Amino acid sequence: MIRVLLAEDVHMVRGALVALLNLEPDIEVVVDVASGDEILPMAKEHSPDVAVIDIDLPGQDGLTAATELHEQLPTCRTLILTSLGRPGTVRRALAARVNGFMLKDAPSAKLANAIRNVASGRRVVDGELALSAWDGAECPLTNREVTILRLTSDGNDPTEIAAQLYLSTGTVRNYLTSAVSKLNARNRVDAIRIATEAGWI
């Protein structure tokens with residue numbers, strides 16, 4: 001039996017997925033959560049074989065949670081679900097070393113097969129998503145610039161970001177200035193828009 005953790009913030013969607021997956025003879029959803037912050041603690045408590053994670057979750061985003069799972073609970077494999085196939089998002093997912101990445105509107109049978117493949121050690125990437133990654137532009141930002149731009153988009157100011165990342169406020173401002181420049185943006189808000197549309201944050 002493949003033990004699954006499901007993370008999805010839309011209650012009706014989560015309920016439907018739990019019901020559909022539990023109809024499969026070899027899959028059991030052992031825990032379902034609504035926010036990214038719940039994933040690691042619940043995974044440690046329930047020891048799932050596969051975590052099926054929506055990429056856009058309140059609190060911690062799905063890719064960050066998947067990275068934490070990979071580092072702290074390597075026996076749990078990860079399958080990311082997304083509604084948007086932006087090239088930068090696909091690249092971020094692959095960089096986060098997730099085991100699978102597929103669109104949320106895929107048929108339930110395809111999701112069940114993806115879970116089986118991921119549980120057996122194979123990687124699963126939806127064909128459309130793979131093509132979008134192939135066609136998309138490379139992200140010009142460093143990992144640190146991406147992190148700081150993402151934290152800024154969440155409403156954190158440079159002082160708060162500096163405290164979170166153990167940097168000086170001036171260093172955070174320098175990273176933001178660099179990100180704005182590399183994206184040819186007018187300001188931080190425009191940089192966030194450009195990076196979000198490209199799927200880089």
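The values are calculated or read from the model by the stated rules, or taken from the named source; none is laboratory data. Since the structure is predicted, the reported quantities are computational estimates derived from the model, not experimental observations. With ideal geometry, Cβ positions are generated from the backbone for all residues, glycine too; neighbour counts draw on all protein chains shown.
What the table shows:
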| read-out | value |
| --- | --- |
| Output for region 5-16, where each listed residue is assigned to a helix (DSSP H, G or I), farther than 15 Å from PRO107 by Cβ and not small (Gly, Ala, Ser) | HIS11, MET12, ARG14 |
| THR78 among the polar types (S, T, N, Q), buried (at least 24 other Cβ atoms within 10 Å of the Cβ) and more than 21 Å from HIS11 (Cβ to Cβ) | yes |
| Some residue of region 173-196 being loosely packed, with under 13 Cβ neighbours inside 10 Å, under 30 Å from LYS110 (Cα atoms) and at pLDDT below 90 | no |
| Hey, ILE148 crowded, with 18+ Cβ neighbours inside 10 Å, closer than 26 Å to LEU69 by Cβ and modelled with pLDDT of 90 or more or not | yes |
| Out of GLU8, GLU28, sole residue that is surrounded by 19 or more Cβ atoms within 10 Å (Cβ to Cβ), modelled with pLDDT of 95 or more and of a type in the set (D, E, K, R) | GLU8 |
| Enumeration of residues in region 172-189 that are closer than 11 Å to PRO140 by Cβ and either in a helix (DSSP H, G or I) or of a type outside the set (A, V, I, L, M, F, W, C) (or both) | SER178, ALA179, SER181, LYS182, ASN184 |
| Failed item, numbered, when ASN143 is tested on (1) within 22 Å of THR64 (Cβ to Cβ); (2) modelled with pLDDT of 85 or more; (3) of a type in the set (S, T, N, Q) | (2) |
| Pairs where the first residue, in region 17-30, is part of a helix (DSSP H, G or I) and the second is polar (S, T, N, Q), C-beta under 6 Å, 6+ apart | LEU20/SER108 |
